Amino acid sequence: MSRTTPTSWVRDGVRDVRTVARGWRWGVGRKALVPRSAEPYVPARSTRVFPTRWARTPFMRGVREIVLGVGMNGLLRSQVSVQAHGLDVLDRVEGPVVFVANHTSHVDTPLIMNTLPARWRRKTAVAAAADYFFDTWWRAAGSAVLFNTFPIERRGGSLSSTPGYLLKDGWSIVVYPEGTRSRDGWTGPFKLGAAFMATTYGVPVVPIAIRGSFNAMPHEQAWPSRGRPPVSIRYGEPVVPVPDEGPRDFGKRVERAMAELLDEDGSDWFSARLRASGEGNAPTSGPDVARWRRVWQTSRAPQQRGRRTVWH
């Protein structure tokens, strides 16, 4: 029979504590003893959709026009140098339309809403991710007041009826078909939501190409970089669905129009048309190279054209 010493007693006690710790269910709510793979299937609980119709009342539209036209516009242009192109396209278009834009920064929505002419801005709503902008009441209310946002599910689930209601009521909507912000400044694959809306309700799509916003405010930043980095936003000719055209085919045309518009903003109109006629447009998804090289390329600020002024 071995003799128990203080040292062996402490050693055995530490070993027992470690054994208990390994088998203890730590954490809030404690982990279940049954593996997830063996648990019965339980459908996800449906969550209540945050109401946003109040944000489109005449009173809130007036409040938003003051906030955007005075406060947000001044703040935005004090942080970035904005150049807007192609706004004359909207003079030849009757609403409603689906605005489709590439998405690389949180600056994108303020850029669109502050460069749209007033008659378009007053009747435009922005589709926003329900799991991000509508996860808390204060963020949901704030985005609805500022940008007239409405929630859409980007991770599956039932299709919201809000876009259809808005289009039938004469509202234009802004959609980011990539579904999320780019992590490296290049465009990702387009989802079919915007094309489905356009073909279902027979409205044109107006592409919007944004360059420089990734350089101004990358994914991990919470505020634009110093020095008023230049940002370019360009509105393109509308893409109109033809009879019996499905969302998939129409979505390819929209994606091609976006690629041509980004090409035009990075070069010139004639060169972009020339490359488009020969199917020579560089893919907006970028080359298959290391991420640091992709980020380095998209972090280059767009070249300012014409005389630079404080206000554009």
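Read-outs throughout are calculated quantities, based only on the coordinates presented, and are distinct from any laboratory measurement. Small disclaimer: the values here were computed from a predicted structure and weren't measured. Virtual Cβ from ideal backbone geometry, glycine too; neighbours counted across all protein chains shown.
Of note:
- When the trypsin sites (Lys or Arg not before Pro) in the stretch 109-190 are filtered for DSSP coil states and for at most 13 other beta-carbon atoms within 10 Å of their beta-carbon, the remaining sites are R155.
- The calculated FRET efficiency for K252 paired with R183, based on their beta-carbon distance and R0 = 30 Å, is about 0.80.
- Here's how it looks for V239: its modeled amide H is under 5 Å from those of V205, V206, which are all 5 or more places away or on a different chain.
- Environment charge at G95 (Cβ cut-off 14 Å; Lys +1, Arg +1, Asp -1, Glu -1): +3
- For I66, net neighbour charge (Lys/Arg +1, Asp/Glu -1) across residues whose Cβ lies under 14 Å away: +3
- Theoretical FRET efficiency, 1/(1+(r/R0)^6), r = Cβ-Cβ of D244 and A84, R0 41 Å, to 0.05: 0.70
- Residue-span extension gain [W9 to I66] - 0.36 nm each, minus C-alpha spacing: 13.0 nm
- Overall form of the stretch 106-205: rounded. Here a/c, set by the Cα gyration tensor axes a ≥ b ≥ c, is under 1.5.
- Förster radius 35 Å - calculated FRET efficiency between E94 and R226 (Cβ-Cβ, nearest 0.05): 0.25
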